[in-house]
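> For reference, the structure I am asking about is given below.
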Amino acid sequence: MKYAIIGSGNVGTAIARQFARVAIPVSIANTRGPETILPLTEELGESVTATSLEEALSAEVLFLAIPFIAVQALARSRSDWAGKIIIDQTNAFGVSPETLAGRPSSDIVAQALSGASIVKAFNQIPAAVLARDPSQDGGKRVVFVSSNDERAASTVKAIAEQLGFSPIGVGRIDEGGRLLNLPGPLLFHNLTEHPPE
């Protein structure tokens with residue numbers, strides 16, 4: 001299974017650091033071209049590869065590390081999103097309530113990337129914290145996982161575990177997933193899970 005990160009800002013860089021830390025191959029792309037990402041990939045080593053947006057979008061699992069307002073433009077980059085697992089790391093900052101119309105922002109992402117399996121995850125931790133080693137004080141940093149597709153959620157939980165996190169499922173996006181959408185109460189908390197004594 002191939003992994004790619006779409007977006008090379010603070011959030012995309014944080015996820016790239018986690019892949020590099022455990023030496024799992026991942027590609028990373030943005031709209032400005034792979035040459036703009038080379039300093040980062042040179043720093044992180046051979047596990048992280050700068051690539052074109054078109055090439056990155058061929059991966060089976062995509063980390064969506066772009067601003068929420070850029071999702072519609074990304075959607076036009078590919079005609080068929082079927083079979084993709086999209087890990088929605090976006091947060092709807094500055095988006096009017098009228099635009100959301102009471103819907104979780106991940107529902108709008110799902111509508112734009114029609115056919116993909118959307119998993120809300122890796123969005124509740126600030127980027128600076130997400131970039132750190134997830135081992136903390138004898139425990140593992142928690143990432144919450146929400147999806148309407150149980151199989152996709154299981155895949156993302158497995159990825160989170162490989163990266164050293166402790167994934168916790170919170171159910172469907174229209175249920176527990178609302179806790180991860182602005183202004184959800186699980187956002188921006190750095191929580192750790194410790195093994196039972």
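> Over the range 119-176, what lengths in whole Å, largest first, do the semi-axes of the equivalent ellipsoid take, defined as the square roots of 5 times the eigenvalues of the alpha-carbon gyration tensor?
Value: 21, 12, 9 Å, ordered largest first.
> Separate question: Per residue and in cubic angstrom, what volume does the convex hull of the Cα atoms of the range 70-182 have?
110 Å³
> Can you give the net charge of the other residues whose Cβ lies under 11 Å from the Cβ of LEU64, counting K and R as +1 and D and E as -1?
+1
> Could you give the nm distance between label points at LEU100 and ASP174, where each point is 7 Å from its Cα heading toward the beta carbon?
So the label points at LEU100 and ASP174 sit 1.7 nm apart.
> Rounded to the nearest percent, how much of the accessible area of the range 1-156 (1.4 Å probe, protein heavy atoms only) is carbon and sulfur?
50 percent
> On to the next question. Quick check: pseudo-label points 7 Å beyond the Cα along Cα→Cβ at ALA158 and ASP80, how many nm apart are they?
2.4 nm
> Could you tell me the relative contact order of the range 8-52? Use alpha-carbon pairs under 8 Å, at least six residues apart, and round to a whole percent.
44 percent
> Okay, next question. Would you mind calculating the relative contact order of the range 87-160 from Cα pairs under 8 angstrom and at least 6 residues apart, reporting the percent as a whole number?
Dividing the mean separation by the residue count of the range 87-160 yields 32 percent.
> Another question, if that's okay. How much accessible area per residue does the chain have, in Å², with a 1.4 Å probe?
Numbers: 9340 Å² over 197 residues.
The answer is 47 Å² per residue.
> Also: What percent do you get for the relative contact order of the chain when only Cα pairs under 8 Å and 6+ apart count? Spell out each step's value before the answer.
Numbers: 391 pairs, mean separation 36.6, N = 197.
Dividing the mean separation by the residue count of the chain yields 19 percent.
> Kindly rank 29-35, 150-156 from highest to lowest mean number of other beta carbons found within 10 Å of each residue.
Result, highest mean Cβ count within 10 Å first: 150-156, 29-35.
> Take LEU191, LEU113, LEU40 and sort them by solvent-accessible surface of the protein heavy atoms, 1.4 Å probe, largest at the top.
Descending accessible area places them as LEU191, LEU40, LEU113.
> So what is Rg over Rh here for the chain, counting just Cα atoms and using Kirkwood for Rh?
Numbers: Rg = 15.7 Å, Rh = 16.7 Å.
We get a ratio of 0.94 for the chain.
The values are calculated or read from the model by the stated rules, or taken from the named source; none is laboratory data. Values in this document were obtained by computation on a predicted structure and should not be read as measured data. With ideal geometry, Cβ positions are generated from the backbone for all residues, glycine too; neighbour counts draw on all protein chains shown. For accessibility, only protein heavy atoms count, side chains too; no ligands or nucleic acids. Shrake-Rupley method; radii C 1.70, N 1.55, O 1.52, S 1.80 Å.
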